[in-house]
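Derivation of every value follows stated rules applied to the coordinates shown; laboratory data play no part. Worth saying up front: this structure is predicted, and the values here are computed from it rather than measured. We place every Cβ from the backbone using ideal geometry, glycine too, and count neighbours over all the protein chains shown.
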Amino acid sequence: MFSRAYRAVVTIPPLLWVTVFLLVPYFLLFCYSLWSVSPSLNIVHSWTLDNYRELLGKGVYLETLFRSMWIAARVTIFALLLGYPLAYYLSFGASKHKDLLCQLVIIPLWVSYLVRAYAWKTILGSDGVLNTSLQYLHLTKHPLEFLLYSPFAVVLTLTHIYTPFTFLPIYASLEHIPRSLVEASHDLGASPFQTFWRVIFPLSIPGVLAGATFAFVLSLGDFLAPLLLGGPSGIMISNIVVSLFGAAYNWPLGAAISLCMLVFVVTLLFLSERLERKWSYR
Amino acid sequence: MGGTSTTVQSEIVQPKDTASSLLSIRNVAKSFGQHSVLRDISLDIAEGEFLTILGESGSGKTTLLRIIAGFENATSGEIWMAGERMDSLPPYRRRVNTVFQNYALFPHLTVEQNVSYGLRIAKLPKAEIASRVEQTLGLMKLTPYAQYKPAKISGGQQQRVALARALVNRPRLLLLDEPLSALDANLRRQMQVELKSLQREVGISFVFVTHDQEEAMVMSDRIALLRMGQLEQVASPREIYSRPATAYTAQFVGHTNLLRGEVKDGIARCNGLAWRTGLRDGKGLFSLRPENIRAATSAGSSVRFRGKILRQAFHGATELLQIECLDGLVLSVRMASRQNWQGDLELEFSPADAVPVRESQERD
């Protein structure tokens, strides 16, 4: 249908892009993860599995990894708990201003991520909006210290940032449910509550899975929120990778951790897609 | 004419015999904003009756069905079922079931789970659910597909699942919203017959919505013809065909010739044709079915005329001729098929077959 030249012109740039900016770096990352660093901070180009041994052997890495997962899991749960009812309301409840309300949910995405994280810093800090208000109202005598520089702050901020990412796929899947199915369910005697659990929720599971995957994967790899708001107890795995590539100058170990994360996330995405497919019927 | 079978237009109908009237629609009107969709509909449906709501698209027939099912609220009027007022109940508290136009089968449930849905909601004992589902699947010839998801079976099978899912609940009234419109012509004709015999078998009242007048005639005990949100005529298929009340009915149900003329001193005159009639003097409008015009024979008191064949259309057993007669009047005539029609024809019809009809009101 299209000429050879045309096809070449269209396909070569993206192929080049993917090769140069994705495949080659992945390959380099893989190589680095099998190299090591000499005491004089030179990269030793001989193959070794030491980095992986260190990763599994030293408690701090696994601990941080599990903490990151635990933070990401909480973010996912809260983002779903916020995003689902919101999507449900917009899809089934609100008839007027539906588009406007949708835009309002999406607008925060236009604001720089950094700005939103800083906003939480000003809200949660010991001289922040929340603490001064609480003290002004005489509800607390001293600033609440756990608000900032804690996993709590990280979970709160990431939940705020990633709720639109759970909202959108859930909303899309709810909008795709033919309203005649809801009517059919009512027609067969099911109350709105029964209809939700037996028809609407099962049919929205692909959206829930997609949203959960977004929230989990994005917050698992997050490094700004823990950097700005996490404090020592809120450090996540990406912070470690950043410091290994930076100040610590241990690229091979950093590469090994990155690669493990990559494999983990890709597996997760693969599983989630399999599940989504299992739960969709069209 | 007369009796319950010819409830015409805005007449207020009280159920004459509450024992036999299952559903009673009283003065129901519906408007969406400024737009009036249904105006003052009153209609009774008897126990075990097959009633078809017939109308072209935009006539309000689906809206009327949705009001009975409870998916829409009437702007005014009442709906009674078996002596209880039903219009204030939400759809899940009404003892009616619906077969949807697109079937609306639950895609995540198997055929069996779809069919058992209503019974599980009603929390019937497991054994009873199993036996009723099995019986209904058998009745609908769906047993081999019990474990299939709806996407894996054909349109005709989906249609039967939709029917089974409704019938398994043993409703007293089944609403069907153009359930056959998605099927191809042959399957459709087959389903018309099956549906009708099924309805006789189970003895449930059916309210069937369609835009297909042929389908309506084949299946119904009575047809309620809806036009622009008002009932044009409610009668048995035979009566609605042979004695249409209005010009619209005559034209919508079957094919007809409308003869516009004058009645004076018991004689109707129209484009040079004349016949005796019992009507009062004034303007007259008559419906004359094409099959009631025949080749002239020597005897009888029929109206005779000559005509020239303009066009002919072959329909298999019959053919439809366009015949130009006196004063440029063109009539459709249905004749048994024959090889050659040539030249002028001598034709006739009985005055009794020229049925006086009312002019249909123009509406916005």
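Here are the numbers for the structure shown:
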read-out: Shielding by partners, peptide B:95-102 (average Cβ within 10 angstrom, other chains); value: 3
read-out: DSSP bridge pairs, the protein assembly as shown: antiparallel proportion in percent, nearest 5; value: 75
read-out: Calculated [θ] (222 nm, deg cm²/dmol) that DSSP helices of n ≥ 4 give over the protein assembly as shown, each run adding -39,500 (n - 2.57); value: -13500 deg cm²/dmol
read-out: Sequence-distant lysines (8 or more away, or on other chains) whose Cα lies within less than 26 Å of A:K121; value: A:K141
read-out: Rounded to whole Hz, the Karplus (6.51, -1.76, 1.60) HN-Hα couplings of segment B:119-131, x for glycine and proline; value: 5, 5, 4, 6, 6, 6, x, 3, 4, 5, 4, 4, 6
read-out: Average beta-carbon neighbours from other chains, 10 Å sphere, peptide A:189-200; value: 4
read-out: Label-point separation, A:T11 to B:R189 (7 Å along Cα→Cβ), nm; value: 5.1
read-out: Rough spin-label spacing in nm, given labels placed 7 Å along Cα→Cβ, for A:S38 and B:S301; value: 12.8
read-out: Hydrodynamic radius (Kirkwood) for segment B:255-356, which is based on Cα pairs only, to one decimal in Å; value: 14.0
read-out: Label-point separation in nm, B:D327 to A:L62, each point 7 Å along Cα→Cβ; value: 10.5
read-out: Those aspartates and glutamates that a straight Cα-Cα span of less than 20 Å connects to B:K283, excepting residues fewer than 8 apart in one chain; value: B:E262, B:D265, B:D327, B:D353, B:E359, B:E362
read-out: Summed residue charge, Cβ within 11 Å of B:T63's Cβ, Lys/Arg positive, Asp/Glu negative; value: +1
read-out: Amide H contacts under 5 Å for A:M236, placed H, 5+ residues apart; value: none
read-out: FRET E, pair B:V218, A:W197, Förster distance 35 Å, beta-carbon r, rounded to 0.05; value: 0.25
read-out: Compactness of segment B:36-183, expressed as Rg and Dmax over alpha-carbon positions, Å; value: 16.2, 48
read-out: Per-pair calculated FRET efficiency, R0 = 22 Å: B:L279 and B:A352 via Cβ, rounded to 0.05; value: 0.95
read-out: Efficiency of FRET between A:V266 and B:Q147 - r from beta-carbon atoms, R0 35 angstrom, step 0.05; value: 0.50
read-out: Reference-scaled alpha-carbon Rg (2.2 N^0.38 Å with N residues) for chain B; value: 1.16
read-out: Fluctuation leader among B:M335, B:M219, B:M228 - chain B, Gaussian network, Cα springs under 10 angstrom; value: B:M335
read-out: Between segment A:1-66 and segment B:276-298, the Cα center-to-center distance that results, in Å; value: 92
read-out: Global geometry of segment A:188-244, whether rounded, prolate or oblate, following the gyration tensor of its Cα atoms and the 1.5 cut on a/c; value: prolate
read-out: Compactness of chain A as Cα Rg over 2.2 N^0.38 Å, two decimals; value: 1.25
read-out: Extension gain from A:K141 to A:L49, taking 0.36 nm per residue of separation minus the Cα-Cα distance; value: 27.7 nm
read-out: Kirkwood Rh in Å, taken over the protein assembly as shown so that all alpha-carbon pairs contribute; value: 31.5
read-out: Gain in span if fully extended, B:R95 to B:S76, counting 0.36 nm per residue against the direct Cα distance; value: 4.7 nm
read-out: Overall dimensions of segment A:156-282 as given by Cα atoms, namely Rg and Dmax in Å; value: 19.9, 67
